[in-house]
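Participant: For reference, the structure I am asking about is given below.
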Ligand SMILES: NC(=O)c1ccc[n+]([C@@H]2O[C@H](COP(=O)([O-])OP(=O)(O)OC[C@H]3O[C@@H](n4cnc5c(N)ncnc54)[C@H](O)[C@@H]3O)[C@@H](O)[C@H]2O)c1
């Protein structure tokens, strides 16, 4: 049973590959990834010799690079590949359109042509925009605000159109903010943990009262597995942890765990169009597929912080650009750098 995972060298994709290899011995995985600044093969060193795991470097937006993967029968696809950082989308919006919209279009089209039996499109809760009260259900109106969320909303709707128009058997996953091991240290939790470990300032946007619902990445991976094997084609599933916290709360918890002073908190100018609050009703996933998050926020956050404490060489290489230089020198592969695009 061959599963194509796009963007598998990134944060959620690499956690998912590890999860699927251990949970589903019948699955063979092809990880198709462009290796942008966010893709890191060091996220998968523990599985790279597994005979059921294969890596192919390529760009989903380039049909000629994607098409050869379909020469062998692909049973299912989990599509993570995306430009994923909101801040970068404000500087380079068209890169987001290219990968997130055009790349998704290529993949949907090839999946249809090659009669792929299962397709999970990884969207995001950000497609709903912000709300001051209540929670978004799968029927809520889409109201994206950043080029990132608008490009994700476009690909989300395109995916659903491939089900409605052509009966491509796919489901759409709309998930809240993930955190956990191997997250690129430009996102809030890994950035703040690693900055705190280096006694550097923690740049909190505006008043820091932006609310996000946080979900441990391992819980998200279990939800994706359920959608891949049991999801009803054409359905959208919200995935959330019911862990609403302000950015300032998260920051204080990180500092407390690391025994670092709150004086490291530095309020910086807000970003344009910053959504105030994301909140999801994820009861459909529990009702229909029996999924529930397993880890409490406290436990998962401690596990995550400890992972960064114990894996300094991983994030130091990523932050310094050493990882990118290593690949260029040894494999002649020019990877994007953490400084690209911003
Ligand atoms: N991280 C979150 O909190 C979160 C929450 C909800 C949804 N999502 C969605 O989940 C998916 C994965 O997010 P992530 O945080 O792991 O992202 P990430 O930035 O860590 O990883 C993205 C991966 O995609 C690859 N990629 C980028 N452009 C590509 C292209 N053109 N062709 C092939 N590969 C390409 C990168 O090299 C990288 O390995 C994204 O679609 C994102 O929108 C993320």
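Participant: Which ones in region 132-155 are in contact (Cβ under 8 Å) with a residue 24 or more places away in the chain and assigned to a loop (DSSP other than H, G, I, E, B)?
Facilitator: 132, 134, 135, 137, 138, 145, 146
Participant: Now for a different question. Are any of the residues in region 149-158 touching a strand residue (DSSP E or B) at 6+ places or on another chain (Cβ under 8 Å) and buried (at least 23 other Cβ atoms within 10 Å of the Cβ)?
Facilitator: Checked against the condition, which is being touching a strand residue (DSSP E or B) at 6+ places or on another chain (Cβ under 8 Å) and buried (at least 23 other Cβ atoms within 10 Å of the Cβ), region 149-158 yields at least one hit.
Participant: In region 76-101, which residues are out of contact with any strand residue (DSSP E or B) (no Cβ under 6 Å at 6 or more places or on another chain) and more than 9 Å from the ligand (Cβ to nearest atom)?
Facilitator: Start the filter on region 76-101 by keeping residues that are out of contact with any strand residue (DSSP E or B) (no Cβ under 6 Å at 6 or more places or on another chain), which leaves 82-101.
Residues satisfying the conditions are 86, 87, 88, 89, 90, 91, 92, 93, 94, 96, 97, 101.
Participant: Okay, moving on. Six or more apart or on different chains, Cβ atoms under 8 Å: show the pairs whose first residue is in region 56-68 and under 19 Å from residue 44 (Cα atoms) and in contact (Cβ under 8 Å) with a residue 12 or more places away in the chain and whose second is more than 8 Å from the ligand (Cβ to nearest atom) and part of a loop (DSSP other than H, G, I, E, B).
Facilitator: 57/333
Participant: Since residue 37 meets every condition but one in (1) in a loop (DSSP other than H, G, I, E, B); (2) within 15 Å of the ligand (Cβ to nearest atom); (3) at pLDDT 95 or above, which condition does it not meet?
Facilitator: Here residue 37 meets the rest and fails (3).
Participant: Give the number of residues within region 255-275 that are in a loop (DSSP other than H, G, I, E, B) and closer than 11 Å to residue 206 by Cα.
Facilitator: Final tally of qualifying residues: 5.
Participant: List the number of the failed condition for residue 23; all other conditions in (1) under 22 Å from residue 216 (Cβ atoms); (2) within 14 Å of the ligand (Cβ to nearest atom) hold.
Facilitator: (2)
Participant: Taking the condition outside any helix (DSSP H, G or I) and in contact (Cβ under 8 Å) with a residue 12 or more places away in the chain, does residue 84 pass?
Facilitator: Working: outside any helix (DSSP H, G or I): yes; in contact (Cβ under 8 Å) with a residue 12 or more places away in the chain: yes.
Against the criterion (outside any helix (DSSP H, G or I) and in contact (Cβ under 8 Å) with a residue 12 or more places away in the chain), residue 84 qualifies.
Participant: For residue 109, are the conditions met, namely being in contact (Cβ under 8 Å) with a residue 60 or more places away in the chain, assigned to a helix (DSSP H, G or I) and away from the ligand (no atom under 11 Å from the Cβ)?
Facilitator: no
Participant: Scan region 175-213 for residues that are part of a strand (DSSP E or B) and closer than 18 Å to residue 85 by Cβ and jot them down.
Facilitator: Selection gives 175, 177, 178, 179, 202, 203, 204, 205, 212.
The values are calculated or read from the model by the stated rules, or taken from the named source; none is laboratory data. These numbers come from a predicted model, not from an experiment. Backbone-built Cβ (ideal geometry, glycine too); neighbour counts: all protein chains shown.
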